[in-house]
Amino acid sequence: MYEYGPKSPRNVDSLINYVLEGYKSGEKLDVPSRPRLLQMVADLRKHVHDIEVLNALLNDFEEILLQRKNAAVLLFLTGAAFGILLCTLKGALTNSAGRNKAKID
């Protein structure tokens, strides 16, 4: 991968010259790898490509991660808050049911 400098001219002729010859004078950079979570989604998609519902869910999940990062954070925090609420509610119901039982000696 070669970087086309930020101060390089932004016209068609300059870009064509860079693509044909100019990149050779630049520094060669490593191509960044895919994020691990997205790689896992891609691997999972290979295994479930024939299951339409799961494939659609994976497409939506990948779009949320790539393009709608704020929505991903909001979904995660909402799920975590809902889980904490359910655990607290279950604990409260379980403890109150245990206190009302009479002790048999």
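Please treat every number below as a calculation from the coordinates, not as lab data. Just so it is clear, the model here is predicted, and its values are computed rather than measured. A quick note on method: Cβ atoms are made from the backbone with ideal geometry, for glycine too, and the neighbour counts reach across all protein chains shown.
Taking 22 Å as R0, compute the FRET efficiency from the Cβ-Cβ separation of ILE51 and PHE82 and round it to 0.05.
Numbers: r = 27 Å, r/R0 = 1.22.
With a Förster radius of 22 Å, E is 0.25.
Once you have the Cα-Cα distance between THR94 and LEU20, take 0.36 nm times their residue separation minus that, and quote the gain in nm to one decimal.
Values: separation 74, 0.36 × 74 = 26.64 nm, distance 7.22 nm.
Roughly 19.4 nm would be gained on extension.
Using a 10 angstrom cutoff on alpha carbons, build the Gaussian network for the chain and name the most mobile of ILE16, ILE51, ILE64.
Top of the fluctuation ranking is ILE16.
Putting +1 on Lys and Arg Cβ atoms and -1 on Asp and Glu Cβ atoms, find which of LEU89, VAL73, LEU20 reaches farthest to the positive end of the dipole of the chain.
The Cα lying farthest towards the positive end belongs to LEU89.
Which of these, LEU20, LEU54, LEU66, has the largest mean-square fluctuation under a Gaussian network model of the chain (Cα springs below 10 Å)?
Evaluated over the chain, the most mobile residue of the options is LEU20.
Rank GLU63, GLU21, GLU52 by mean-square fluctuation in a GNM of the chain with C-alpha springs under 10 angstrom and give only the top-ranked residue.
Sorting by GNM fluctuation, first place goes to GLU21.
Counting other C-beta atoms within 10 Å, and keeping those with at most 16, which DSSP coil trypsin sites (Lys or Arg not before Pro) do you find in region 1-99?
On the way: sites: LYS7, ARG10, LYS24, LYS28, ARG36, ARG45, LYS46, ARG68, LYS69, LYS90, ARG99; in loops: LYS7, ARG10, ARG68.
Counting only loop positions with at most 16 other Cβ atoms within 10 Å, the trypsin sites (Lys or Arg not before Pro) in region 1-99 are LYS7, ARG10, ARG68.
Give me the Kirkwood hydrodynamic radius of region 40-99, using the inverse of the mean 1/r over all pairs of distinct Cα atoms, in Å to one decimal.
On the way: mean 1/r = 0.0710 Å⁻¹.
Taking the inverse mean of 1/r over all distinct Cα pairs, region 40-99 comes out at 14.1 Å.
Quick one: compute the contact order of the chain, relative version, from alpha carbon pairs under 8 angstrom and 6+ residues apart, as a percent.
Values: 27 pairs, mean separation 18.3, N = 105.
Relative contact order of the chain: 17 percent.
What translational diffusion coefficient, to the nearest whole µm²/s, does the chain have by Stokes-Einstein, given a Kirkwood radius computed over alpha-carbon pairs, a temperature of 4 °C and 1.567 mPa s viscosity? Write down the numbers at each step before the final one.
Working: Rh = 19.8 Å.
Rounded to a whole number, D works out at 65 µm²/s.
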